[in-house]
1. Residues in the range 190-198: is at least one farther than 17 Å from Leu131 by Cβ and surrounded by fewer than 17 Cβ atoms within 10 Å (Cβ to Cβ)?
2. Among (1) within 11 Å of the ligand (Cβ to nearest atom); (2) at positive phi, which single condition is Ile119 missing?
3. Whether any residue in the range 345-364 is within 12 Å of Ser385 (Cα to Cα), more than 16 Å from the ligand (Cβ to nearest atom) and modelled with pLDDT of 95 or more is what I want to check.
4. For Asp420, indicate whether it is within 29 Å of the chain's Cα centre (by Cα), acidic (Asp, Glu), buried (at least 21 other Cβ atoms within 10 Å of the Cβ) and under 29 Å from Val26 (Cα atoms).
5. When you scan the range 275-293, how many residues do you find that are within 15 Å of the ligand (Cβ to nearest atom) and surrounded by fewer than 20 Cβ atoms within 10 Å (Cβ to Cβ)?
6. List every residue pair whose Cβ atoms lie under 8 Å apart, where the two residues are 6 or more positions apart in sequence or sit on different chains, the first residue falls within the range 19-39 and is more than 18 Å from Asn82 (Cα to Cα) and among the β-branched types (Val, Ile, Thr), and the second residue, located anywhere, is more than 11 Å from the ligand (Cβ to nearest atom) and not in a loop (DSSP other than H, G, I, E, B).
7. At pLDDT 95 or above, assigned to a strand (DSSP E or B) and in the same structural domain as Ile95 (by TED's automatic domain parsing), is that true of Ile193?
8. Given the structure, is Ile231 assigned by TED's automatic domain parsing to the domain that holds Lys339 and crowded, with 22+ Cβ neighbours inside 10 Å?
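The values are calculated or read from the model by the stated rules, or taken from the named source; none is laboratory data. The structure displayed is predicted, hence computed values, not measured ones. Using ideal geometry, Cβ is built from the backbone for each residue, glycine included, and neighbour counts are taken over all protein chains shown.
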Amino acid sequence: MKQTINLAEKIKAKQSVVAVIGLGYVGLPLAVTVAKKGFKVIGIDVNTKNIESVNAGKNYIGDVDDADLESCVKNGYLHASNDYSNIKNADVVVIAVPSPLDKYHQPDMKYIISAITSIVENLTEDTLVVLESTTYPGTTHEIIVPPIVKKGFVVGETVYVAFSPERVDPGNKDFKTNNTPKVIGGETANCNIVAKAFYENVLDSNVHLVSSPAVAEMEKIFENTFRNINIALSNEMTILCERMGINFWEVIDAAKTKPYGFMAFYPGPGVGGHCIPIDPFYLTWKAREYSYHTRMIELAGEINMEMPNFVLNKAIRLLNQSGKALSEAKVLLLGAAYKKDIEDVRESPIQNLMVLLEEWNANFDYYDPWIPSFKNPLNQKSYTSTKQANPQDYDIVIIMTDHSDFNYEEIVGKAKIVLDTRNAAKNVKSDKIVLL
Ligand SMILES: NC(=O)c1ccc[n+]([C@@H]2O[C@H](COP(=O)([O-])OP(=O)(O)OC[C@H]3O[C@@H](n4cnc5c(N)ncnc54)[C@H](O)[C@@H]3O)[C@@H](O)[C@H]2O)c1
C-alpha cells in the first residue's frame, strides 16, 4: 500500500517520467498530451524514421498539432529513442504498439509480446505498466502479467498493471486523446488507484474504473464490434434497397428524426482502418477457446468485405449503360483514405477495389491529396495519386472517401458518371450522380 501511495503521489506531483511505447496514431498524440501536462516523456519506437522526426520536432500524425510537438521537444519534455533501457528511469510505461491480424485472420501478438519482453528486461520497482493496444479479453492477465511476476515483482505491490483502451478517433475535431473519457481496468485494486492517478493527471476527461483488465479489454472490442455490425446492417439495407428501388440514404435521414432508440450508421464501399475491420476478430478468435462461435461478428465481416465487389458490379453496370465495357473504360477513384480528412490508408476498401479492377483489366487512377502514394498490401503494388483530379478525362468517377476539401460541385460538373459510395455530393443536384 505504501508504494501505491508513493507512486500515485509522485504522479500527482508531476515528478514521474512517462514512457510511451510505439509512436504511431495512438502513441504520438498520447506522448504529446502527457508532455503538455508537464511530465517528462520518453517515446520508444523501433522505427528510426519516427524517432528522428520526433527529435527534430517534426510531426507526422494528423491529430497532433505541429507547434505542440515542436515545443514539447524544444522544451525537453519529449524525447524519442529506440533504447528500451530508458524504461529504467520511467515511473509509468504505456504500450501503444500495433495489434493487427495475421494472414489467417488471427491475432498477431508479436508486437505486444516483443514490447513487454523488452520492458520487463528493464523494469524497476514502483512502476505502472498500462497496455493501451486493442486486444482480446485476457491479454493483460495472460501476456503482460506473467513475465512481470516471473521477474520477481508482485503485481499491485511493487509493480502496477492495467489495461486502458485507446479510443482516439483520427480526424475527429471535437474529441482528441485529452478529452475522450478513459476506461481503466487494473489487475488489482491498487493498480486501479495508481492508473487512475495517472490518467486523471494527464487527461482532461473523466476516468471510468472497471473491476479487471478483461472488462476493459472486452469493453473496447464491444465498442468496435457494435460499430462494425451496425455498418454491416446499413450495407445490407443498401444492397436490398437497390433491388427495391429505394434510396437508403433518404431512409437513414428519416430514421434519424427519431429522438431515441436509433443511431445513424452509414453504408460505404467497405470498412477500413486499424480498428473496426480487425478488433472484432480478436474476440472471434478468443471465443473459440470457450467453444463459442461469434456469428454476428462473422456475418458482419462477410457483408462488409463484400462491399468492394458490390461497388465494382455497380460500376460495371453503369458503364455498360453508357456503352462502355470496364476493360475499355478509364476509372477515377476519388479518395483512398479509409475515412475522410485523414492520411491513413490501412485496410481501406480501395485496396480491395484496386485488386478487383486489375482482375478486370480496368484502366484506373486514384486521386487523394491526403495519400500521395501507398503500397497495397493485398498485391504488394505501389500506387501514386494523380497530381490533380480531372474528372473529364474519365468514363466514371467513383467517390471512395468523402474528404471535406473536395469540390463536389466541380467534380460532378466535369464528370460523365459519378458513383458516390459516401453520399459525399449530397448538396449537388445532378442526374450524373448514382448513390451506392
Ligand atoms: N489508429 C487508431 O485509430 C486506433 C484507435 C484506437 C486504438 N488503436 C489501437 O492502438 C494500437 C496502436 O495502433 P496505431 O494505429 O497507433 O498503430 P501504428 O502502427 O500507427 O503505431 C504503432 C507504432 O508502434 C511501433 N512499434 C512496433 N513494434 C514496436 C516495439 N516492439 N517497440 C516499440 N515500438 C514498436 C511502430 O513502429 C509504430 O510506430 C493498436 O492496438 C490499435 O488497435 C488504434
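1. no
2. With respect to (1) within 11 Å of the ligand (Cβ to nearest atom); (2) at positive phi, Ile119 is out only on (2).
3. Filtering the range 345-364 for residues within 12 Å of Ser385 (Cα to Cα) gives 364.
Restricting the remaining residues to those that are more than 16 Å from the ligand (Cβ to nearest atom) gives 364.
Adding the requirement that they be modelled with pLDDT of 95 or more leaves 364.
Yes.
4. Numbers: within 29 Å of the chain's Cα centre (by Cα): yes; acidic (Asp, Glu): yes; buried (at least 21 other Cβ atoms within 10 Å of the Cβ): yes; under 29 Å from Val26 (Cα atoms): no.
Taking the combined requirement at face value, the residue does not satisfy it.
5. Residues in the range 275-293 being within 15 Å of the ligand (Cβ to nearest atom) and surrounded by fewer than 20 Cβ atoms within 10 Å (Cβ to Cβ): 1 in total.
6. What qualifies is Thr33/Asn178; Thr33/Val202; Val34/Val18; Val34/Val41; Val34/Val202.
7. Details: at pLDDT 95 or above: yes; assigned to a strand (DSSP E or B): no; in the same structural domain as Ile95 (by TED's automatic domain parsing): yes.
When the stated conditions are applied, Ile193 does not pass them.
8. Values: assigned by TED's automatic domain parsing to the domain that holds Lys339: yes; crowded, with 22+ Cβ neighbours inside 10 Å: yes.
Against the criterion (assigned by TED's automatic domain parsing to the domain that holds Lys339 and crowded, with 22+ Cβ neighbours inside 10 Å), Ile231 qualifies.
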